[in-house]
1. Would you confirm, using the coordinates I've provided, whether Lys85 is over 12 Å from the mean Cα position of the chain (by Cα) and within 27 Å of Lys120 (Cβ to Cβ)?
2. Kindly provide the set of residues from segment 5-58 that are in a helix (DSSP H, G or I) and among the polar types (S, T, N, Q), ordered by number.
3. What number of residues within segment 59-114 satisfy the criterion of being at negative phi, surrounded by fewer than 13 Cβ atoms within 10 Å (Cβ to Cβ) and outside any helix (DSSP H, G or I)?
4. Being more than 14 Å from Lys11 (Cβ to Cβ) and either within 17 Å of the chain's Cα centre (by Cα) or not hydroxyl-bearing (Ser, Thr, Tyr) (or both): is that true of Glu100 here?
5. Only one of (1) touching a helix residue (DSSP H, G or I) at 6+ places or on another chain (Cβ under 6 Å); (2) modelled with pLDDT of 85 or more; (3) hydroxyl-bearing (Ser, Thr, Tyr) fails for Thr93. Which number is that?
Amino acid sequence: MISKSLEEYIKTMYILKKQNGNVRVTDIANKMNCTKPSVNKALHSLKDNNLVNYESYGTIELTGSGEELAKKIIEAYDIVYLFLKDVLNLEETKAEVEAENIKSVISDDTINKLAKYVHKVLDLNNLDCDYDVNREKCRSCLRRKKV
C-alpha cells in the first residue's frame, strides 16, 4: 500500500502519458505544482514498489501494476464525482474539488458501496456483477450517456 501523495503522482503520470505520450520529471513537477527533487523522491519510492520504471534523467514508464493503480485512482474519483454532481446536485466545479478531496481519504470498500448506490440511484445499469473498483467491473456503465 502506498501513500495518498504517491497515488497522486501515479495518477498524474498516467494522465500525462495519455496527453503527451511521454512523462518527464519537469512535466510532473509543473502539473502537481511541486519541485523536481520532490518528484525524484516520489519516483524512487514508486520504483521501489514496482509501480514505475525509472532511471535518473531517463524515461519514466508506469509498470502494468502502476497503470492499473492509476486507473483505480481515477475511477474512484469518477464515482465520488458522479455522486456529488448527479445525486447531491452539487455545482460541477464544487463537485470536482470535493471529489478530489474525498477520494484521497475514502477506502476501497466504501468506494465499492458508493458505486453500487450511484449506479442504482442513477439507474445506470444492473450491478449484479458485484462491482469492485479493484477489478474494474462495470467500468463502462459508470459514464452516463446523454439522452
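The values are calculated or read from the model by the stated rules, or taken from the named source; none is laboratory data. These numbers were taken from a predicted model, which means no experiment stands behind them. Positions of Cβ are generated from backbone atoms using ideal geometry, with glycine treated the same way; all protein chains shown enter the neighbour counts.
1. Working: over 12 Å from the mean Cα position of the chain (by Cα): yes; within 27 Å of Lys120 (Cβ to Cβ): yes.
It is true that Lys85 is over 12 Å from the mean Cα position of the chain (by Cα) and within 27 Å of Lys120 (Cβ to Cβ).
2. Initially, segment 5-58 is screened for residues in a helix (DSSP H, G or I), giving 5-20, 25-32, 36-48.
Ser5, Thr12, Gln19, Asn20, Thr26, Asn30, Ser38, Asn40, Ser45, listed by residue number.
3. Qualifying residue count, segment 59-114: 5.
4. Numbers: more than 14 Å from Lys11 (Cβ to Cβ): no; either within 17 Å of the chain's Cα centre (by Cα) or not hydroxyl-bearing (Ser, Thr, Tyr) (or both): yes.
So Glu100 does not fit the description; no.
5. The single condition Thr93 does not satisfy is (1).
Here's the yes/no breakdown for (1) assigned by TED's automatic domain parsing to the domain that holds Leu122; (2) over 17 Å from Met1 (Cα atoms):
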site: Asn20; (1), (2): no, yes
site: Val23; (1), (2): no, yes
site: Asp27; (1), (2): no, yes
site: Ser38; (1), (2): no, yes
site: His44; (1), (2): no, no
site: Asn53; (1), (2): no, yes
site: Ala76; (1), (2): yes, no
site: Lys85; (1), (2): yes, yes
